[in-house]
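Notes to accompany the following structure.
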Amino acid sequence: MAPTGDWEGYWGPPTSTLDWCEENYVVSYYIAEFWNTVSNLIFILPPIYGAIQSYRDGLEKRYMIAYLCVTAVGLGSWCFHMTLKYEMQLLDELPMIYSCCVFVYCLSECFKYKKTINYPLLFLLIAYSTGVTIVYLNWKQPVFHQVMYGTLVALLVLRSVYIVLWVYPWLRGLGYTSLTIFLLGFFLWNVDNIFCEKLRAIRESLPPLVSVVTQFHAWWHIFTGLGSYLHILFRCDGLPFPAALGGKLLPWSPPAVQLEALLAEHPGCLVNALFPFSVWSDALGCSPFVPPQLWWVGGWRGRAQSRE
Ligand SMILES: [Zn+2]
């Protein structure tokens, strides 16, 4: 029997091994989890735009591939949350593994300027993807998928931290912003799973438009979508930002990147970055209200520029 709060809809009873906290078919008869579905637009539209722009700007193909991988995950996730069918679940979960393998490859090869192929790593990642696919098709245990996906994400995080700590410290702001946003998404994903009963009860007492903000799985999509997008920008690597983007701020750069560029131009702290033209911001210096991480980013930039 469907849990309380779930309605019946166009795609019939769910056959997926997971059914998230959002009440099924409440918003639309044709979309099982409406907010979890439409929030996938952040995985679909910005990366398509990013892929087109990186093609136009003549960036390497790997950036286009990375963007399109995110789009593929978004499309799979859209189908899964819309139907809650097992086949669609696979279309969401398996591309998550494949695209992460692509990201791991790109990130581990990021210091190479020559076009060479790392065959051992390529083989290892293909073997990993194939292995996970075979096991998961036979052992329908969502936790297995989550652990395998988490392992790849952990590799990406470790590699990113290594890059910003020891290789390209000027990418610190962008790298940590992407990581923080992703971790925030993961935190909300857990809140949605653990406190589902309470969240459903709260939603019943709230007006529909207000209760939407408690759809934390949709927030997970939004934050991980944005985090992934920023991480691809982070991987426009090998060159100091923003030189990697042709030394200019692209109009489609998300706010965090705009902030990054502002910080580059106005070293000091976030206050300076937010109010670059105000006279008093320089006098204020770093406000105590600015998070230490951003203060530090600004401070680093200040030191880097003073060395020039
Ligand atoms: Zn989802």
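Taking R0 as 35 Å, what's the FRET efficiency between Trp139 and Phe187 from their Cβ-Cβ distance, rounded to 0.05? Can you show the working numbers first?
Numbers: r = 28 Å, r/R0 = 0.79.
For R0 = 35 Å, the calculated efficiency reads 0.80.
Would you tally the net charge around His81, using a Cβ to Cβ cut-off of less than 11 Å, leaving His81 out, and scoring K and R as +1, D and E as -1?
Around His81, the surrounding residues sum to -3.
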Point to revise | Phi to ³J(HN,Hα) by Karplus 6.51 cos²θ - 1.76 cosθ + 1.60 over the stretch 93-99, Hz, x for Gly, Pro | key: 6, 5, x, 4, 5, 4, 5
Study note, to complete from the structure: Expected vector for the stretch 183-194, Karplus 3J(HN,Hα) from phi with 6.51, -1.76, 1.60 and θ = phi - 60°, integer Hz, x for Gly and Pro, equals 5, 4, x, 5, 4, 5, 4, 5, 4, 4, 6, 6
Check your understanding: Leu155 to Val210: extension gain in nm, 0.36 nm per residue of separation minus the Cα-Cα distance?
Key -> 16.1 nm
Check your understanding: What FRET efficiency comes out for the pair Leu165/Thr116, r = Cβ-Cβ distance, R0 = 35 Å, nearest 0.05?
Key -> 0.85
Check your understanding: What net charge is computed for the residues neighbouring Ser39, neighbours being all others with C-beta under 14 Å from the C-beta of Ser39, Lys and Arg scored +1, Asp and Glu -1?
Key -> -4
Review point. Once you list every other residue whose beta carbon is under 12 Å from the beta carbon of Ser16, what net charge do they have if Lys and Arg are +1 and Asp and Glu are -1?
Key: -3
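What area, in nm² and to one decimal, does the C-alpha convex hull of the stretch 37-173 cast on average over all directions?
9.3 nm²
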Review point. What is the gain in length, in nm to one decimal, between Thr180 and Leu124 on full extension, counting 0.36 nm per residue of separation less the C-alpha to C-alpha distance?
Key: 17.3 nm
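Where a number appears in this text, it was derived from the coordinates with a stated rule and is not lab data. Please read these numbers as outputs of a predicted model, since none were measured by experiment. Cβ coordinates were reconstructed from backbone atoms using ideal geometry, including for glycine residues, and neighbour counts include every protein chain displayed.
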